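The values are calculated or read from the model by the stated rules, or taken from the named source; none is laboratory data. None of the values given here were measured: they were computed from a predicted structure. Heads up, the Cβs are rebuilt from the backbone with ideal geometry, glycines too, and the neighbour counts pull from every protein chain shown.
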Amino acid sequence: MPTPAPLRFPARGLLLFGGLLLAVWSFGALWYDAAPAAAWGFAAVLAAAVWALRRTGRSWWAVLAGGAAVLVWWLGLAPSHDRAWPAEYSRLPTAQVDGDRLTIHELRNFDYPRGGEPVPRWETRTYDLAGLEGMDLAVNYWGSPWIAHPIVIFRFKDAPPLAFSIETRREEGEAYSALAGFFRRYELIVLAGDERDLLRVRTGVRTGEDIYLYSTVATPERARRRLMEYVDTMNRIAAQPRWYNAVTSNCTTAIRGMRQGDPMPFDWRLLVNGRGDAMLYERGLLRTGGLSFAELKPRALATAAARAAHDDPDFSRAIRAGRPGFDTALPPGMVLVPGGEFTMGTDSERSFPNERPAHRVTVAPFLLDAKPVTNADFARFVEATGYVTVAERPVDWDELKKQVPPGTPKPPDELLAPGSLVFRPTAGPVDLRDMSQWWVWTPGASWRHPEGAGSSTEGREDHPVVQVAFEDAQAYARWAGKRLPTEAEWEFAARGGLPDARYPWGDEENPGGRFMLNRWTGDFPYRNDLADGFAGTSPAGSFPPNAYGLYDMAGNVWNWCSDLYRADTYALRAGDAPACCDPRGPLTAEDETIVPGDPSPPGVPGAERRVTKGGSFLCHPSYCESYRPSARRGTPPDTGSSHVGFRCAMDAPDAR
């Protein structure tokens with residue numbers, strides 16, 4: 001059947017555009033990867049062939065054949081380590097890891113005397129990975145603000161900073177060309193160097209270049225994973241040369257390609273990498289000192305400081321002094337959450353009504369425990385203070401009756417004995433609207449005996465403490481010199497710099513088939529198939545952390561927050577303009593509007609409940625799926641249970 005006339009022109013136009021694109025690419029490949037003469041020769045032959053076939057309607061065959069021939073030749077080009085390299089690229093670093101001992105060979109540590117020639121130095125250095133403290137980022141500009149070069153720096157407690165730079169390995173006398181980078185002109189090299197070398201060559205030797213220095217929020221654990229990715233890539237390139245490509249394997253996309261387990265979401269600024277620091281700021285991955293990005297970037301400019309400290313033995317300290325995000329000593333086990341503006345709650349239909357509407361909120365930088373408070377942590381508190389938890393005291397009927405409908409008779413005294421709520425699996429399917437079928441008031445249940453008399457925390461010292469009421473969590477926080485996080489802080493931290501993701505790690509619950517949290521698997525509440533490896537709580541930190549280095553922000557145990565709970569809080573706050581700043585929750589629940597579908601309605605109107613966030617090992621998609629950052633529950637403050645714990649927060653020190 002003939003092609004309909006209206007379709008001929010678009011089809012022919014696409015064919016002509018594709019042919020032109022192939023011809024231009026072929027010309028460039030020959031120009032940069034063979035010789036200009038070869039490119040001009042190809043152009044002449046191709047033009048002659050197209051001219052000769054112009055009346056046959058098959059001239060595009062000449063373009064296709066010529067382009068295919070060039071492509072076959074081009075794909076056959078092999079990268080090599082055996083070329084005439086200049087001194088700065090003459091050696092390839094390699095590394096070995098033995099436990100916590102990292103040894104790097106051919107680490108570059110050139111000296112750059114002012115006004116003199118570089119002094120080559122290649123060293124073997126050993127680092128104690130247990131002393132890895134964090135990760136910094138230097139961003140190098142040399143012309144356009146749209147294009148930059150990242151240098152990733154790892155800080156150690158008792159060793160100079162170790163820097164990595166992914167670069168084109170240019171031959172002696174060869175200059176860098178942005179266009180040549182799209183072809184097979186340059187090999188790729190991962191340089192491992194002393195920070196003074198990789199930064200001073202850009203600030204004290206070359207002209208017209210700038211360095212911006214940022215501190216990241218990476219924990220030592222996360223920094224170690226990034227470091228091991230560099231080591232692995234460096235060793236692979238030493239064993240097998242690799243081509244550089246300005247799109248698929250450049251100084252930023254190569255970093256993205258190294259990531260294993262927690263891939264970096266694609267962003268156009270990975271290609272237009274002069275805006276990469278803004279991308280990291282938006283994702284909450286930079287320490288900011290509470291500054292907007294427009295305020296942070298000028299203060300991150302370290303060119304002048306680096307030039308002034310060029311010959312200073314304490315170069316690394318000098319270039320960081322006074323810069324936002326540095327010189328901040330964090331309490332053990334805590335993570336600096338950078339703060340910022342974000343969308344709190346959700347408008348998704350796959351949510352509960354109390355999570356809506358989405359609204360803009362800002363939070364200041366703050367510190368948050370990387371993991372929930374564990375049984376061992378709580379035991380130290382009790383031993384130091386003699387504290388008795390709510391579950392270990394007789395039930396106060398005067399307090400309890402505030403949570404139940406008026407006229408409810410006082411329970412028998414035996415039911416007012418010390419105890420708490422314990423989860424008991426049912427024998428089979430039940431009505432999921434009736435929680436009393438799996439929650440059982442159990443005398444003797446407490447943080448020491450989570451399942452009641454006869455149970456203990458022995459062997460579970462590293463599990464989150466449970467059976468703690470709001471009052472207990474507050475008491476621990478005061479003893480530790482901390483506080484409970486606000487609901488806004490908790491949600492901001494849980495999102496980990498992924499503002500619109502459904503879970504703290506992304507939109508897919510089990511990426512690559514991997515469980516990212518401890519939740520109920522099987523049929524709730526009667527059959528747990530242990531697909532995630534746990535029937536109850538799991539050791540704190542058993543699953544991967546989010547981008548801020550925070551563990552168990554989804555599943556395992558619910559976390560107490562400081563806010564008073566109302567189902568209508570978000571609706572009341574949504575009209576705030578500008579974005580609500582560091583909200584601390586409502587002052588009262590007495591006039592709370594009852595929201596249909598609220599997963600935790602009050603027993604009596606106005607009854608006090610406190611916000612809990614994060615979901616637990618009992619969450620299941622068929623029942624609550626509350627292991628999402630926006631999910632929220634209201635829990636009576638005097639109630640402990642098998643699946644509620646907490647973590648603590650602190651105001652951030654001045655990170656400037």
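Overview of results
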{"read-out": "Scan of segment 623-656 for residues that are small (G, A, S), assigned to a loop (DSSP other than H, G, I, E, B) and either modelled with pLDDT under 90 or within 23 Å of P405 (Cα to Cα) (or both), ordered by number", "value": "G640, S641, A652, A655"}
{"read-out": "Residue that is assigned by TED's automatic domain parsing to the domain that holds N245, touching a Phe, Trp or Tyr at 6+ places or on another chain (Cβ under 6 Å) and either in a loop (DSSP other than H, G, I, E, B) or without any contact (Cβ under 8 Å) to a residue 12 or more places away in the chain (or both), where the choices are A159, A178", "value": "A159"}
{"read-out": "Unmet requirement for D398, which otherwise passes all of (1) farther than 26 Å from G522 by Cα; (2) among the acidic types (D, E); (3) part of a loop (DSSP other than H, G, I, E, B)", "value": "(3)"}
{"read-out": "Selected residue (only one of R242, R226, R299, R317 is under 24 Å from W505 (Cα atoms) and of a type outside the set (V, I, T))", "value": "R226"}
{"read-out": "Failed condition for G131, given (1) crowded, with 18+ Cβ neighbours inside 10 Å; (2) within 30 Å of E221 (Cα to Cα)", "value": "(1)"}
{"read-out": "Residue, nearest to V557 (Cα to Cα), within segment 640-654, restricted to residues that are touching a strand residue (DSSP E or B) at 6+ places or on another chain (Cβ under 9 Å) and surrounded by fewer than 20 Cβ atoms within 10 Å (Cβ to Cβ)", "value": "M650"}
{"read-out": "The lone exception for L22 - which of (1) crowded, with 17+ Cβ neighbours inside 10 Å; (2) without any contact (Cβ under 8 Å) to a residue 24 or more places away in the chain it fails", "value": "(2)"}
{"read-out": "Complete set of residues in segment 232-244 that are within 26 Å of the chain's Cα centre (by Cα), in contact (Cβ under 8 Å) with a residue 12 or more places away in the chain and either more than 23 Å from H105 (Cβ to Cβ) or surrounded by fewer than 20 Cβ atoms within 10 Å (Cβ to Cβ) (or both)", "value": "D232, T233, N235"}
{"read-out": "Any chance A37 is in a helix (DSSP H, G or I) and either closer than 27 Å to G173 by Cα or hydroxyl-bearing (S, T, Y) (or both)", "value": "yes"}
{"read-out": "Candidates R91, R114, R58, filtered to the one that is within 24 Å of P150 (Cα to Cα) and basic (K, R)", "value": "R91"}
{"read-out": "Matching residues, segment 443-459, being in contact with a Leu (Cβ under 9 Å, 6 or more places away or on another chain) and either closer than 16 Å to D377 by Cα or crowded, with 18+ Cβ neighbours inside 10 Å (or both)", "value": "A445"}
{"read-out": "All positions within segment 609-637 that are touching a Leu at 6+ places or on another chain (Cβ under 7 Å) and under 27 Å from G444 (Cβ atoms)", "value": "R610"}
{"read-out": "Residue in segment 588-611 that is charged (D, E, K, R) and not in a loop (DSSP other than H, G, I, E, B) present", "value": "yes"}
{"read-out": "Residue in segment 568-576 that is part of a loop (DSSP other than H, G, I, E, B), buried (at least 16 other Cβ atoms within 10 Å of the Cβ) and touching a Phe, Trp or Tyr at 6+ places or on another chain (Cβ under 6 Å) present", "value": "no"}
{"read-out": "Qualifying position, being more than 26 Å from T537 (Cα to Cα) and part of a loop (DSSP other than H, G, I, E, B), among P409, P425, P429, P450", "value": "P409"}
{"read-out": "Check on V611, crowded, with 19+ Cβ neighbours inside 10 Å, in the same structural domain as D431 (by TED's automatic domain parsing), aliphatic (A, V, I, L, M) and touching a residue at least 12 places away in the same chain (Cβ under 8 Å)", "value": "yes"}
{"read-out": "Which numbered condition D591 fails, given (1) buried (at least 20 other Cβ atoms within 10 Å of the Cβ); (2) without any contact (Cβ under 8 Å) to a residue 24 or more places away in the chain", "value": "(1)"}
{"read-out": "Subset of segment 514-529 [among the hydrophobic types (A, V, I, L, M, F, W, C), under 15 Å from S542 (Cβ atoms) and in contact (Cβ under 8 Å) with a residue 40 or more places away in the chain]", "value": "L517"}
{"read-out": "Out of A138, A78, sole residue that is touching a Pro at 6+ places or on another chain (Cβ under 9 Å), outside any strand (DSSP E or B) and either at pLDDT 95 or above or within 24 Å of R242 (Cβ to Cβ) (or both)", "value": "A78"}
{"read-out": "Filter result for C581 (over 23 Å from the mean Cα position of the chain (by Cα), surrounded by 18 or more Cβ atoms within 10 Å (Cβ to Cβ) and of a type outside the set (K, R))", "value": "no"}
{"read-out": "Residues satisfying the stated conditions in segment 510-534, i.e. in a loop (DSSP other than H, G, I, E, B) and surrounded by fewer than 15 Cβ atoms within 10 Å (Cβ to Cβ)", "value": "N510, R514, Y526, D529, L530, A531, G533"}
{"read-out": "Top-ranked residue of segment 394-424 - restricted to ones that are charged (D, E, K, R) and either at pLDDT below 95 or not assigned by TED's automatic domain parsing to the domain that holds G614 (or both), ranked as surrounded by the most Cβ atoms within 10 Å (Cβ to Cβ)", "value": "K401"}
{"read-out": "Search result, residues across segment 379-393 that are in a loop (DSSP other than H, G, I, E, B) and either at pLDDT below 80 or under 40 Å from the mean Cα position of the chain (by Cα) (or both)", "value": "G386, Y387, V388, T389"}
{"read-out": "Neighbours by Cβ (under 8 Å, 6+ apart or cross-chain): first from segment 435-446, assigned by TED's automatic domain parsing to the domain that holds H620; second of a type in the set (S, T, N, Q) and assigned to a strand (DSSP E or B)", "value": "W441/S420; T442/S420; A445/S420; S446/S420"}
{"read-out": "Residues satisfying the stated conditions in segment 162-205, i.e. farther than 20 Å from N235 by Cβ and of a type in the set (D, E)", "value": "E171, E172, E174, E195, D197"}
